[in-house]
Every structure is written in structure tokens, then in C-alpha cells.
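Engineer: Structure incoming, see below.
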RNA sequence: CGGCGUGUGGCUGAACGGUAAAAGCGCCGUCCUGAUAAGGCGGUGGGGAAGUUUCCCGCGUGCGUUCGACUCGCACCGCGCCGACCA
């Protein structure tokens, strides 16, 4: 057993860094250690006077467990934050949560339909708190670094105060106005409904075609069609498609105007004499309302289609969204003669007092008797119903608070600001600009319970609503002081917030009712740059916003809107967006398909670092994919990187910086690798700076696989294992390996913080965790790179020949090989320069080099001689050095250090 | 239906308008057993003649611009995000 004794003289890698990390189990322990050491605070302290980089967090909604999209988003953010720290920035990360809003209110309401506003709000708060805690733990488990113990929370009184202060400033500047807008309304529940609160069911309704007499032309009528006769009392106009073809058809002594393609179904007999014209030809006409004493006009509207009805659309701005939009565009009032109970009001004339659905037959009768009714049919179609009481809902205009997008040129200023922001990817600019251009005024009020109140007061005598900055600020002040926060608006009387003795400036009234509406949740989160970032850090604007691409319409836009209105500047300098997570085939993840991948299961199975590596590997500029195959690949990549680190740590077990060889004295192959390392670092830093993390992770993986495992480390094994421990050759390599290990650990830290930390711990290098990354300071050596270019090409071809030899059974391992190379030119001189190192570089036992007149020629055969029992190379003659027969080099090593091991 | 994106081998993904399938992974074969639940080396798109040397087709589909198109333009299809779904 001579060999086993000789094995003891070989310097094999030694490390406590395990080959398999068991990350799912190890990471939680590491998290505890981070919490104990408070690494986030340490990092911040280490960068106390450094330039800062503020990534401002977009608050997730505190509802449900986190999904893979949350994980992608937070991991990308954490990579940025950790990278910025490693480049010497102070990069605070203040996570936030969005807590108000309908989904939570609906959840909290489940199983407890009753309750007053304050008790509903209490239940909502408890619900949001619960999920905030759950999500916080889930985010922390991913290794996200930040102020998780003191996040910004939109339902916290201090934040609510921030929202209100912002609102007060907007009111003061004249951005907030009250106007009517149609909303989905349940007459039974007497409340506005959100889109999420309606369900569509098949319903039977009347469908009538009605004649509107044209002004100034006798016996000429516009034919309109509707399924909601009760909206006719609110009719103020008719819309036509300006591009469509219409006809004036002669029908029994009358002229009916209708879309050409709809004439038949609208009651025009086939073959009727007809004159065709364009929709735009109709837009100057006026008509008399069929039963109300007023006239209306015909307007062009792109939304008019010809797949139903007559091609002429009855417009009631108080009862339909498109009607409302058109009405606003052309200056029609928002006429809504329907009250909260769904009853027609006095403005509806003879139909006053009837509920809208009862009014239908009465109105049809009236039209019938006045000869205005052309057709009366029944129709079934899907119609919205209240999800609660299951009754059909109506569209009804009610007063709402708006933020005026064109006040003080806000829209123009937004567009100007958009062009000055760095959008990553660049397409984001076009996307958000298009949305801003076409966005309507922002309706900021919601008729719900769970949110920040809009502290307006209504005069009891004249009904006028007053939204006053001083009242808002009073409430803000109360919020800051009272743990109940904005609840005080609902628990206290409105006069408590008014100046003493204040009376209604319109009518002198002294009694006031409080506004019950709350703010849209987008107002909450859109204010975060002041209510969180600026309040907490005194910093404004943020350097970076980083969210999913859906936020172009959401958070990015509304934050921008609020910021430009308040401050005239964008709240961010750069905006980065990522796509959505699809399954392995690029399909949307859905429960019904069963292709949902959760971050929880990946973390549990493979650890957070694998999930982070996946996030870092994908090209997030579009949608990204995640499925079993992709996950398996990520796991393999992780292992490759991990094992390379493990080997580096292993071969550095007996090295310390004091043993380092000065740069000029390094062995050429070590200098070569150092050069590669410089390139690696530069490219990785450039990748990080461009937010191209997939380039970074690919570059790191390739470096580990190709430069290190495939070449450098493989070549080095002989000298690291078999040379004398403190030989210059060995120390030279270790000098560079040391640097390589440092660099790699620092470069992977943003992506694989758990693994990097584990390695630093095993290496006893806690200093690396807070150190800045710097490329090794070495001058590029082009000559050396060229020479190694030649060597690597030759090596490739030698390997091909070796493989042939192996296939034919002549040799097994490459050390069984003897290589002869005939070559010339630059390659020849490069090889000659390294002649004595060629066996090592090629990992063979002997190399003969000769000049070639023509093409390069490589031959490989079985080496003769005897195998050294220590280093396994073949030599002409072995030396007897108990316990075995070894080569001269090995004998020398054992002589100088007999106890080596 | 509209706006904005996106589409390259089994997977992740490269490619100034100029030789496509870079590189990696996976897979297959093989060596090693001193990185060992590791590591090295080699091979690996489809179809057709054919056989170790050539030829044809292949960057979602189809047109177009060009001497030349993965790259530019148009249309269509698939997928995704955001909206509009109505009188």
C-alpha cells in the first residue's frame, strides 16, 4: 500500500465549505446570524459618508402570500442594492407595503357583512397587518436586505399624515376638483361598486328602437336603439361613427336616418328608397327629445360600432362611461336624474319617483302612444349585477374628486419629465408617454371604507362640498398624534377639524356633514416618494424605481403625476421594468392549468440562492420563464459555481497573504489568469452597471467552467498537490488563486449572498462582506495573452488527438500520453518559450517540440517509462524513496519536507 | 377590439445589413478516482442525396426593400402586459 502512504504526502484541497450546501436548511441559520450581527446596519455604517444610491421600493399589496413575481421583483432590487454597497455606495433600502384598498376590504368583510365603518376599518387593519408580517418573513427568507423592522406602511398614521399633507398641497394649488362621473351603482345597497364587485349574468331586457325627430326637417327621424329605456330621460345627444355609411330611407312618407348596414334590422323595409351619406355628414343635425322639452345634437364618436343597434347611439352622459367621455369632450353637462335609491328624480319629468326598472315599461308605453317607437323586442345579454345582493346594477353619475391632469400644464410637464428619465429597457418611455398623453383626469375618490379619508365637509344647508387645506392639515396633525390615525376623521365630528366659528361661504350655514369618500389607493402609494422616501431620509428624488412593466400605468405614472404636480420634477432618475413570470412553455401561470411555481417551494427545495440565481440569469426585459427544466439548469449552474469556490478554498488551505509572490515574479500562467480575472471583473461590473444581471451570471459561470475548471485549475493540480508546500511555483499560483477567490466571492455576493457569506465564513474573511470591489491592479500584458492564445489552441488540438488515442485504447488518462508537436511561426516561438512547461499545461507526461516546414502536426502516443507513484507522471527512471518509487521532482519535495502533508 | 412588447436547436441565450445556429447547460460517449453525489476530454439542429466529403432547407408565417436580411419595412399568427368591451 505504498500509494496510500504517498497520498499522505500530497497537498490535497482542504476546506470546511461543503460540496453540497443543503441551502434549504443552512440559509435560515445564516439569516439568524445576519439578524444577530445586523449586517444591514453594519453595511450602512461602513458607508456612512459615502455617496448614496436610493432604490425606492414600490409597495406590494399586503394581501396573500408572495408569488413568484414578487420574488423576482425583490430579488432584482436586492441585487441592485447589494451591488451598490459593494461599489462603495450607501444604498439604503426601505421596503414598503400598500395596505388600503378594496381587495383587503372585501376579504375583511367576508363573513361579517354588517358593521359600522370603524369596525370594518379595524378588521381591515388586522388583515393587512397579518399579511404584512407574512410577506415580510417571506421576503427576508429570500435574503433581501433592508429596513424590514421599520418599513413604510401606508396605513400607519405617520404615512397617512404624509398622504394628507400631499393632498393639502395639491388642493392649495388648485389641482383637486369635484365633478360628476358615472360609476357602477347598486340601488339596493345604495353604494358605488368597483369593477371587482360586479358579476355578469344573463339578463332579459327590452331592446327598443326609437325615433328622434330632426329639427328643421319635417317627418325626418334619427333612429336610435337602446336596451335601457330608463336612460332616455337623461338623453342629451346622439353619436354617430363619422367614418360609417348612413342612409336617409323613405319609409311610408317619413325619412329615417340609420346606418346603411343596420337599416334592415332597424325596421326599414327592404327596397326602400334611400340616399346614402357619411356619418360625418350628420354631425351638424339637431333633434327634439321624444318626450322631454329639449333638443340635442349629433356628435361624431369613434366608439360607435355597427354590430348592434342602428349605428346612432343615444347618449346619456350621466349613465355611461363612453357617454360621459363624449359629453366632457363636447361640453355636455353630466345629467343624471336618478337618485341613490335608483329612483328617477323630478328632473325626469312625469317618470319621477319610479325606480329605473319600473320606469322601463312606462317609458315604452309613452313612446308607443306618441308614435315614437319603431320596434320593441326582448333581448338577453350579460348584464352586471351586484356581487352582494345579486340585483342588476346601474350606471349613475355621482360627484367624485378629481386630480386635474391639465391644470398648470401638468400633462405637458409629465411628458417633458418622461423624456429626461433613463428607462430600462428603453421601450418603457414610449409606453408610459402614450399612457400619459391619453389619460383622463384622475378620479381619486372611492366610495369605500378602507382608506385614507378625503376630509371634505358638506354644508348641511346648501349641500356645497368644501375641501380645505387647513382641514386636511388638521387631520394630518391629528393622525401624527393619535395612534388611531385617520380613523379620527370618522370618529370625531367634522367641525372638530374646522376653524372655530367657520361658516359656509356660499350660504352662511354652520352645520356640516363629513365626506365619507376615501382616496384611491394609488394616491397612497403615489405619494410614497414624499411620505416615505423624503420623510425618512430627507432625500428626493430617488435614484431608481424598479417594478414590473404593469406599473407604467400604475405606480410609475401616478407617482410621476403627484411629484410633478407637487414639485415640478420626476420622483425618480431611472426606472427599470421587468416582465412577468411565465411557465416553462411561456404560458401564463394559472391554478387551473396547474403550472404555478411558488417561491416558497423553490426555497424549500433548493434554497433562496438558487431562486436568486434564476432571477439573475433571466433576461427580464421581456417575460421570463420558469419551469422544471429551467430550474434544473439553474441548480446545475449553482453547483458549478459552488464547487469552483469550494476548490479555490480547498487549495488555499495553507496560504496566507504574507506568502504572496510579487506580481512581476509570478509564473506566466498565473499572470495570464490574473489578466483574465481583470477582464472578468470589468465585464461583470459593466453588466451590473447596465442592470444586465444575466450577462453577469453567465460570465461568472463561464469563467468558472472554462477559465478555471477547464484550464487553469486542472493544470494547477500537479503543482498544488505535488510541489513543495512553500515552493515558489506553488505560492505563485496560490497568490493568484487567492485574488481569484476574493474577486469571485465579491462578484457573486449580490446574486448569491448566502453562498458568498458561507464561503467567506469558511475562509475566515468577514472583511470581504463590506469591502468594495476593485479589479486587480495589473497592467494588461498583450504579449502574454497572445502567447496563451497559441498555447490554448494547441492544447485544444492536442486534446482531440488524445481523445483519438483514448478511443483506440492506447491510453487512459492524459498522463499516459506522450506528445510530439511540429510547428512553426508565432505559434512555434510561443511554444518554444514555454517548452519546459508544456507537459504541465497539456497535462501529459512528455512533450517533444520540433520545427515544421509546413502545417502544424501533432502526434500522440503512449508514453514509455515508469509511472511516479506520487504524481502519476511517467518518467524515464524512478527513484526508490520509501514508501514508493517516485520521480526526481517528488523525491526532492519529500527530501526537503519529509513530513509534508 | 386598441396600445406596447415579444417569438433563434431540448433549455438559458449571442450575432456592426455581410459565412447563423457563439458560449454555456442538458444529453450521449469516454477517461480518471488525489475537487469524487465531483473533475477532464470528445460528440451532439432538421430534411435530402449520400456515407466520414459535398449539396439543399432552416432565426414564428408570408411578402417587400437590398448586390446581400436573424437584423430594415408591411401584413398575418402565437404569446404576454395594459386598456376598451358599449349604447
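Engineer: Checking the structure you have, find out if any residue of region A:325-332 is away from RNA strand B (no atom under 15 Å from the Cβ) and modelled with pLDDT under 75. Let's see the steps before the verdict.
Structural biologist: The first filter runs over region A:325-332 and keeps only residues away from RNA strand B (no atom under 15 Å from the Cβ), leaving A:330-331.
Narrowing further to those that are modelled with pLDDT under 75: A:330-331.
Checked region A:325-332: at least one residue is away from RNA strand B (no atom under 15 Å from the Cβ) and modelled with pLDDT under 75.
Engineer: Which residue, of A:771, A:756, is more than 15 Å from RNA strand B (Cβ to nearest atom) and free of Cβ contacts under 8 Å to residues at least 24 places away in the same chain? Please lay out each step first, then the result.
Structural biologist: Working: A:771 fails: free of Cβ contacts under 8 Å to residues at least 24 places away in the same chain.
Being more than 15 Å from RNA strand B (Cβ to nearest atom) and free of Cβ contacts under 8 Å to residues at least 24 places away in the same chain holds for just one of A:771, A:756, which is A:756.
Engineer: Moving to a separate point now. Across region A:216-259, which residue is modelled with the highest pLDDT among those that are within 18 Å of residue A:288 (Cβ to Cβ) and part of a loop (DSSP other than H, G, I, E, B)?
Structural biologist: Taking the candidates together, the pick is A:235.
Engineer: Moving on. Kindly provide the set of residues from region A:688-706 that are over 29 Å from the mean Cα position of the chain (by Cα) and either more than 10 Å from RNA strand B (Cβ to nearest atom) or in contact (Cβ under 8 Å) with a residue 60 or more places away in the chain (or both), ordered by number.
Structural biologist: A:704, A:705
Engineer: Surrounded by fewer than 19 Cβ atoms within 10 Å (Cβ to Cβ) and modelled with pLDDT of 90 or more: does that describe residue A:403? Give the derivation first.
Structural biologist: Details: surrounded by fewer than 19 Cβ atoms within 10 Å (Cβ to Cβ): no; modelled with pLDDT of 90 or more: yes.
Taking the combined requirement at face value, the residue does not satisfy it.
Engineer: Same structure again: Does any residue of region A:732-754 turn out to be in a helix (DSSP H, G or I), more than 48 Å from the chain's Cα centre (by Cα) and at pLDDT 90 or above? First the steps, then the outcome.
Structural biologist: Quick first cut of region A:732-754, residues in a helix (DSSP H, G or I) only: A:732-748, A:753-754.
From what's left, more than 48 Å from the chain's Cα centre (by Cα): none.
Checking region A:732-754: not a single residue is in a helix (DSSP H, G or I), more than 48 Å from the chain's Cα centre (by Cα) and at pLDDT 90 or above.
Engineer: Filter region A:339-373 down to the residues that are closer than 22 Å to residue A:295 by Cβ and assigned to a strand (DSSP E or B), then identify the one that is farthest from the chain's Cα centre (by Cα). Before you say what the answer is, go through the steps one by one.
Structural biologist: Taking region A:339-373 as the starting set, the residues that turn out to be closer than 22 Å to residue A:295 by Cβ are A:344-352, A:363, A:366-367, A:369-373.
Narrowing further to those that are assigned to a strand (DSSP E or B): A:344, A:373.
On the way: A:344: 47, A:373: 55 Å.
The selected residue is A:373.
Engineer: Scan (1) surrounded by 11 or more Cβ atoms within 10 Å (Cβ to Cβ); (2) not in a loop (DSSP other than H, G, I, E, B) for the single condition residue A:36 breaks and write down its number.
Structural biologist: Among (1) surrounded by 11 or more Cβ atoms within 10 Å (Cβ to Cβ); (2) not in a loop (DSSP other than H, G, I, E, B), the lone unmet condition for residue A:36 is (1).
Engineer: Can you tell me which residue among A:92, A:60 is touching a residue at least 40 places away in the same chain (Cβ under 8 Å) and either over 24 Å from residue A:532 (Cβ atoms) or within 15 Å of RNA strand B (Cβ to nearest atom) (or both)? Please lay out each step first, then the result.
Structural biologist: Working: A:92 fails: either over 24 Å from residue A:532 (Cβ atoms) or within 15 Å of RNA strand B (Cβ to nearest atom) (or both).
Only one candidate passes the filter, namely A:60.
Engineer: Considering only region A:384-413, how many residues are assigned to a helix (DSSP H, G or I) and within 16 Å of RNA strand B (Cβ to nearest atom)?
Structural biologist: So in region A:384-413, the residues assigned to a helix (DSSP H, G or I) come out as A:407-413.
Those still in the list that are within 16 Å of RNA strand B (Cβ to nearest atom) too: none.
So the answer is 0.
Engineer: Can you tell me which residue within region A:304-319, out of those that are near RNA strand B (Cβ under 7 Å from one of its atoms) and either modelled with pLDDT under 75 or outside the structural domain of residue A:241 (by TED's automatic domain parsing) (or both), is farthest from the chain's Cα centre (by Cα)?
Structural biologist: Residue satisfying both the conditions and the ranking: A:309.
Engineer: Tell me, which helices (runs of 4 or more DSSP H) lie completely within region A:597-666 with 2 or more residues that are near RNA strand B (Cβ under 8 Å from one of its atoms), over 18 Å from residue A:143 (Cβ atoms) and modelled with pLDDT of 95 or more?
Structural biologist: Filter on region A:597-666 gives A:628-651.
Engineer: Is it the case that residue A:434 is out of contact with any helix residue (DSSP H, G or I) (no Cβ under 7 Å at 6 or more places or on another chain), within 16 Å of RNA strand B (Cβ to nearest atom) and free of Cβ contacts under 8 Å to residues at least 60 places away in the same chain?
Structural biologist: Numbers: out of contact with any helix residue (DSSP H, G or I) (no Cβ under 7 Å at 6 or more places or on another chain): yes; within 16 Å of RNA strand B (Cβ to nearest atom): yes; free of Cβ contacts under 8 Å to residues at least 60 places away in the same chain: yes.
So residue A:434 passes the test.
Engineer: Helices (runs of 4 or more DSSP H) wholly in region A:825-901 with at least 3 residues that are more than 56 Å from the chain's Cα centre (by Cα) - which ones? Give the derivation first.
Structural biologist: Details: elements: A:825-833, A:838-842, A:888-896.
Qualifying helices (runs of 4 or more DSSP H): A:888-896.
Engineer: Right, next: Given the conditions (1) away from RNA strand B (no atom under 14 Å from the Cβ); (2) surrounded by fewer than 18 Cβ atoms within 10 Å (Cβ to Cβ); (3) more than 17 Å from the chain's Cα centre (by Cα), report the number of the one that residue A:584 does not fulfil.
Structural biologist: The failed condition is (1).
Engineer: Given A:71, A:41, A:62, A:46, which one is touching a helix residue (DSSP H, G or I) at 6+ places or on another chain (Cβ under 9 Å) and surrounded by fewer than 18 Cβ atoms within 10 Å (Cβ to Cβ)?
Structural biologist: Values: A:71 fails: surrounded by fewer than 18 Cβ atoms within 10 Å (Cβ to Cβ); A:41 fails: touching a helix residue (DSSP H, G or I) at 6+ places or on another chain (Cβ under 9 Å); A:62 fails: surrounded by fewer than 18 Cβ atoms within 10 Å (Cβ to Cβ).
Within the list A:71, A:41, A:62, A:46, the selection yields A:46.
Engineer: Here's something else I'd like to know. All but one of (1) out of contact with any helix residue (DSSP H, G or I) (no Cβ under 8 Å at 6 or more places or on another chain); (2) surrounded by 14 or more Cβ atoms within 10 Å (Cβ to Cβ); (3) in a loop (DSSP other than H, G, I, E, B) hold for residue A:17; which doesn't?
Structural biologist: Failed condition: (1).
Engineer: Search region A:798-811 for residues being more than 8 Å from RNA strand B (Cβ to nearest atom) and surrounded by 14 or more Cβ atoms within 10 Å (Cβ to Cβ), and hand back the single one that is farthest from residue A:84 (Cα to Cα).
Structural biologist: Restricting to residues being more than 8 Å from RNA strand B (Cβ to nearest atom) and surrounded by 14 or more Cβ atoms within 10 Å (Cβ to Cβ), the top hit is A:810.
The values are calculated or read from the model by the stated rules, or taken from the named source; none is laboratory data. Bear in mind the structure is a predicted one, so any value in this text is a computation, not a measurement. Positions of Cβ are generated from backbone atoms using ideal geometry, with glycine treated the same way; all protein chains shown enter the neighbour counts.
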